[in-house]
1. Rank the residues C56, C124 as a footprinting-exposure proxy: fewest other Cβ atoms within 10 Å of their Cβ go first.
2. Hey, fewest Cβ within 10 Å first, where do F47, F54 land in order?
3. Packing-wise, with mean Cβ within 10 Å as the measure, how do 110-121, 92-103 rank, highest first?
4. Along the range 109-118, what does the Karplus equation 6.51 cos²θ - 1.76 cosθ + 1.60 (θ = phi - 60°) give for ³J(HN,Hα), rounded to whole Hz, x for Gly and Pro?
5. Which value, in debye to the nearest 20, gives the size of the charge dipole of the range 14-146 about its Cα centre, when Lys and Arg are +1 and Asp and Glu are -1 at the Cβ?
6. Can you list residues whose amide H is under 5 Å from W123's amide H, if they're 5+ apart or on another chain and H is modeled 1.01 Å from N?
7. With a 10 Å radius around each residue's Cβ, average the other Cβ atoms per peptide and rank 126-139, 64-77, highest first.
8. Quote the relative contact order of the range 14-146 in percent (integer), defining contacts as alpha-carbon pairs under 8 Å separated by 6+ residues.
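We did not get these values from a lab; they are worked out from the coordinates using the rules stated. Nothing here was measured: the structure is a model prediction, and the numbers come from that model. Neighbour counts are summed over all protein chains in view; Cβ atoms, including those assigned to glycine, are modelled from backbone coordinates with ideal geometry.
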Amino acid sequence: MTGVADLAPATTIRPRFTWVICALALIGVALSAYTLHLHYKPSGDSFCDIGETFNCDMVNQSIYSVFLGVPVSLIGLVGYTLLIVLSVLRNRAASWFLFAAALVGLGFCLYLTYIEARVLATWCLLCLGSLAMITGIVTLSAVRVFRPPAGRPV
């Protein structure tokens, strides 16, 4: 059961975590937006087409680049935007939602990374960048949720 103190503004949430999470999510937004651009671009000549091992276009044009009719990059764009909103809300409930949403994003990103490694046998540098961003957000949001607020004894 959630107490009133859990929903009260958490002024003791470390602001630097908020800013770092926002920065990582903004990079995620940029990566997702560029990947979405490449998804709809007719010609395949992105900067990360470095052969068979690293080929963003091959990954971005595969059947796995769409989930339930929606481009995966658009899902990432919306997801990272949600993470920004949740990170600036400074209460315990928002911190928990941030952590849960980031975990879902990480799970989805790991699934897509598995597809790259085992099914497509090629890597997308933009996707790997997104994986790095969401991993950082999960880590920092976990610290934000599970570490005692500043000023309280451990």
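1. Details: C56 24, C124 28.
Starting with the residue having the fewest Cβ neighbours, the order is C56, C124.
2. On the way: F47 10, F54 15.
Fewest-to-most Cβ neighbours within 10 Å comes out as F47, F54.
3. Taking the mean over residues of other Cβ atoms within 10 Å, the ranking is 92-103, 110-121.
4. These are the phi-based 3J(HN,Hα) values: 5, 5, 4, 5, 5, 4, 4, 4, 6, 9 Hz.
5. On the way: 7 positive and 5 negative charges, 168 e Å.
Approximately 800 debye in magnitude.
6. For W123, the qualifying residues are F54, N55.
7. Details: 126-139: 21.1, 64-77: 16.2.
Per-residue mean Cβ counts within 10 Å order the peptides as 126-139, 64-77.
8. Working: 154 pairs, mean separation 51.1, N = 133.
Relative CO of the range 14-146 lands at 38 percent.
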